[in-house]
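S.K.: Dropping a structure here in structure tokens format, bear with me for questions.
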């Protein structure tokens, strides 16, 4: 498989830590699977893409190289975390540049074609003032600039599997009333920016969003647990999720309630144990948790499907 | 008429009105519009010679910035000449930043027997700047009010007056936003 087991464990561990690290108060980042990507981690070797167009309007290989460099930078630790790794949720380099195709887990090759075209449409009109017996004809010339790009990428894996992907860009600008014509240079710059963005996205399969976690009020009759429960808010704010989870688990086992199940679900979610989180959330269904769980479980299933060894936290 | 038909009629009327709105009511720029700098500017092109009307006519190029003209009417009474056209004054638009803020208009100067752009300040015969716009298919001809001659531009970009309507230059008005 493409993921190395220990890296996945470390990644998940850091994912759990990541919640605490990036959280503010009771607001945390949650991660979900945005899309399945063709780069399934490991060593990546990229052959320069072949320009099949008539001219070189954009040097695609130049920024593809930069994009790979950014994605494959070693684990940050020099205070450059953001630039050091595109895959923000794991804080781990899931990809690294292979020195030759033989040493790569995936070899990327392909071609690109970028075209530009300028033309103008001419429209004939007459004055519309009905008081004029002989309306004067006039013309409007509406110039158009068009830029289109197509990048075909092929991924060849070590097991011989071949997968293709196509990145496309198509933009037309026309000068009309109240609409300025974008220059060809501007359109080409937009095209380059869009392709750069698409290249960066090739390395990101998990995305993140912020979510606010609020603990529900739980009725507890046991005096000892009641006393302990007073510190729940501080435990959450202090990112001491293992302790908090342990507390709610004991409360739930002692006096099962949907509120306790919900809080336990939060704890499981914050440590990345999505199956258990979903199980406890079910007892108190709520729109946001259902939506988050759907995405998170997709990520969980995807990691399992590509052979990741997932170490799940228990309380 | 049922509701659906009424709706269709309304939508059709709306479409017509939107199309009409996109077109110019008149190519003429009113005095108020001149003051408000809402000038309707045109590239006045003679396709036969390839020249664009201006103080110094230049060859037309689609991608280049071309000299622009606009039309006004001196006397509102001249707004409409039934079945003939209108007497318009042809101005060349000068950009303020160029320092040339004078009003330059096309004049048929009978004393000098020449046609050229003059500063309004120095024009003594008012109607020498009045041009009757005659429509010929999708182009226009300019006929001087002074001697009823027609404007012509030659292959060198020089203006002259001709008596024969057929020998007059046909001008294409290209509206520029």
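S.K.: Rounded to the nearest 0.05, what FRET efficiency do residue B:114 and residue A:148 have when you use their Cβ-Cβ distance and R0 = 51 Å?
M.R.: 0.45
S.K.: Ok, one more. In peptide A:116-129, what is the residue-averaged number of other protein chain Cβ atoms found within 10 Å of each Cβ?
M.R.: Mean number of neighbouring Cβ atoms from other chains: 3.
S.K.: Taking the Cβ of each residue in B:150, B:51 as the centre, tally the other Cβ atoms inside 10 Å and list the residues starting with the fewest.
M.R.: Lowest to highest Cβ neighbour count: B:150, B:51.
S.K.: To the nearest whole number, what is the average tally of beta carbon atoms from other chains within 10 Å of the beta carbons of peptide B:133-141?
M.R.: Per residue, the average neighbour count from other chains is 3.
S.K.: Just need the Rg to Rh number for region B:27-176, please, alpha carbons only, Kirkwood Rh.
M.R.: Taking Rh as the inverse mean 1/r over Cα pairs, Rg/Rh reads 0.93.
S.K.: May I pose another question? Rank the residues A:195, B:173 as a footprinting-exposure proxy: fewest other Cβ atoms within 10 Å of their Cβ go first.
M.R.: So the residues, fewest neighbours to most, are A:195, B:173.
S.K.: Given R₀ = 41 Å, what would the calculated FRET efficiency be for residue B:147 paired with residue A:171, taking r from the Cβ atoms and rounding to 0.05?
M.R.: The computed FRET efficiency comes out at 0.15.
S.K.: Still on this model: Between residue A:109 and residue A:193, what FRET efficiency follows from the Cβ-Cβ distance if R0 is 25 Å, with the result rounded to 0.05?
M.R.: Plugging the Cβ-Cβ distance into 1/(1 + (r/R0)^6) gives 0.60.
S.K.: What list do you get for A:68, B:123 if you sort them by fewest beta carbons within 10 Å?
M.R.: By the 10 Å Cβ count, ascending: B:123, A:68.
S.K.: Continuing with the same structure: In nanometres, what is the gap between the two model label sites at residue A:56 and residue A:183, each 7 Å from Cα along Cα-to-Cβ?
M.R.: 2.2
S.K.: Along Cα→Cβ, 7 Å out, is where each label goes; now give me the distance between the ones at residue A:253 and residue A:297 in nm to one decimal.
M.R.: Here the answer is 2.5 nm between the modelled labels.
S.K.: In whole angstrom, how far apart do the alpha carbon centroids of region B:48-71 and region B:113-177 sit?
M.R.: 14
S.K.: Report the relative contact order of region A:139-272, percent, no decimals, based on alpha-carbon pairs under 8 angstrom and at least 6 residues apart.
M.R.: 18
S.K.: Continuing with this model, one more query. Contact order normalised by length for region A:111-199, with contacts defined as Cα pairs under 8 Å and 6 or more residues apart; what percent is it?
M.R.: The value is 26 percent.
S.K.: Could you tell me the distance between the Cα centroids of region A:107-181 and region A:198-249, to the nearest Å?
M.R.: Comparing the Cα centres of region A:107-181 and region A:198-249, I get a distance of 50 Å.
S.K.: If you stretched the chain out fully between residue B:65 and residue B:31, how much longer would it get, using 0.36 nm times the residue separation minus the C-alpha to C-alpha distance?
M.R.: 9.7 nm
S.K.: With labels modelled as points extended 7 Å from the Cα through the Cβ direction, what inter-label distance (nm, one decimal) is found for residue A:214 paired with residue A:234?
M.R.: Between residue A:214 and residue A:234, the label points sit 2.3 nm apart.
Any read-out appearing in this document is the output of simple, stated calculations on the displayed coordinates, not a laboratory observation. Since this is a predicted model, take the numbers as computed values, not measurements. Every residue, glycine as well, gets a Cβ built from its backbone with ideal geometry; the counts of neighbours run over all protein chains shown.
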